[in-house]
Amino acid sequence: MRTIIWFGYFWTVLIKLIPALNRVKNLQKSGRIKERDELADKKAKEWARSLVKLTGSNVSVSGEENIPKDTAVLFVSNHQGNFDIPLLLGYIQKPKAFISKIEVKKMPFIGTWMEQLNCLFMDRKNVRQSVKAINEGAQLLQNGTSLVIFPEGTRSKGDDMSEFKAGSFKLATKSGVPIIPVTINGSYKIMEQQGFWIKPATVHIEVHPPIYPQQQEAKELARLSEQIIKEGVKKAVS
């Protein structure tokens, strides 16, 4: 019953947010970009937190003081489940956009909201388009928009992690912004652990101190970020 209610709520709220989405679009058309960004971030955060709360889950966050306030950052996180995006969107206060797979752009309302949040869409099957997305992402970071990447490339659906792919770390080497490793523990227990069904879970988000990319290659940044995040997972499950 919880799962049915959740999916009904998911789409009902998206429909109710259409007027807010139109306001966001109008602000963009009139060149009021700061107001657009603030409204889009506010509405997205409210929606994301409500989605997590409806699951009955308990969420805690530690280490937010590690996030620099005066610059954009590249959040790098493990990817345990479908709820990772609403968790990071709703429970880490710094405004942020996501690098997402191209298929998400086609989803009704969601793709449009993500565009208004400055999210980028990457087609991993298209090398040229992927390079373009990385370059656009680096420009966004330099212009002050923080981004989130999941370097595993897919959900782990558990505590085990896949090797981080180095390609997306070029966002940091090209832009020079700090990398903020983030460990998510327990998000897969909301859905993936029992297949499609939603159940309450205890989730902890640990924000680690920044890694500064100056004079480091993407492969080394990927290795170091993976090590830090993996240690966070081990600490939580031990």
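The values are calculated or read from the model by the stated rules, or taken from the named source; none is laboratory data. Please read all numbers here as calculations on a predicted model, not as lab measurements. Ideal geometry is used to build each Cβ from the backbone, glycine not excepted, and the neighbour counts take in all protein chains shown. When the accessible area is computed, the model is the full protein with side chains, heavy atoms only, and any ligands, DNA or RNA have been set aside. Shrake-Rupley method; radii C 1.70, N 1.55, O 1.52, S 1.80 Å.
Exactly one residue among Leu147, Leu140, Leu171, Leu221 is over 29 Å from Phe7 (Cα atoms), of a type outside the set (Val, Ile, Thr), under 17 Å from the mean Cα position of the chain (by Cα) and open to solvent by less than 10 Å² (accessible area, probe 1.4 Å), and that residue is Leu171. Selection of the range 81-130 for residues being over 23 Å from Gly56 (Cβ atoms) and among the charged types (D, E, K, R) yields Lys94, Lys96, Lys101, Glu103, Lys105, Lys106, Glu115, Asp123, Arg124, Lys125, Arg128. Of the residues in the range 191-208, at least one is charged (D, E, K, R) and part of a loop (DSSP other than H, G, I, E, B). Applying the set (1) in contact with a Pro (Cβ under 9 Å, 6 or more places away or on another chain); (2) loosely packed, with under 15 Cβ neighbours inside 10 Å; (3) small (Gly, Ala, Ser); (4) without any contact (Cβ under 8 Å) to a residue 60 or more places away in the chain to Ala48 leaves exactly one unmet item: (2). Can you tell me which residues in the range 154-168 are of a type outside the set (A, V, I, L, M, F, W, C), in a loop (DSSP other than H, G, I, E, B) and open to solvent by less than 30 Å² (accessible area, probe 1.4 Å)? Gly158, the sole residue that qualifies. Residues considered: Pro86, Pro151, Pro95. Of these, the only one that is more than 25 Å from Trp47 (Cβ to Cβ) and at pLDDT 90 or above is Pro151. Only residues that are under 17 Å from the mean Cα position of the chain (by Cα), open to solvent by 10 Å² or more (accessible area, probe 1.4 Å) and of a type in the set (Ser, Thr, Tyr) were counted across the range 174-213, and they come to 1.
For the range 31-82, the set of residues classified as among the hydrophobic types (A, V, I, L, M, F, W, C), part of a loop (DSSP other than H, G, I, E, B) and under 28 Å from Leu21 (Cα atoms) consists of Ala72, Val73, listed by residue number. Taking Phe121, is it touching a residue at least 12 places away in the same chain (Cβ under 8 Å), farther than 23 Å from Gln227 by Cβ and part of a strand (DSSP E or B)? Here the answer is yes, as Phe121 does meet what is asked.
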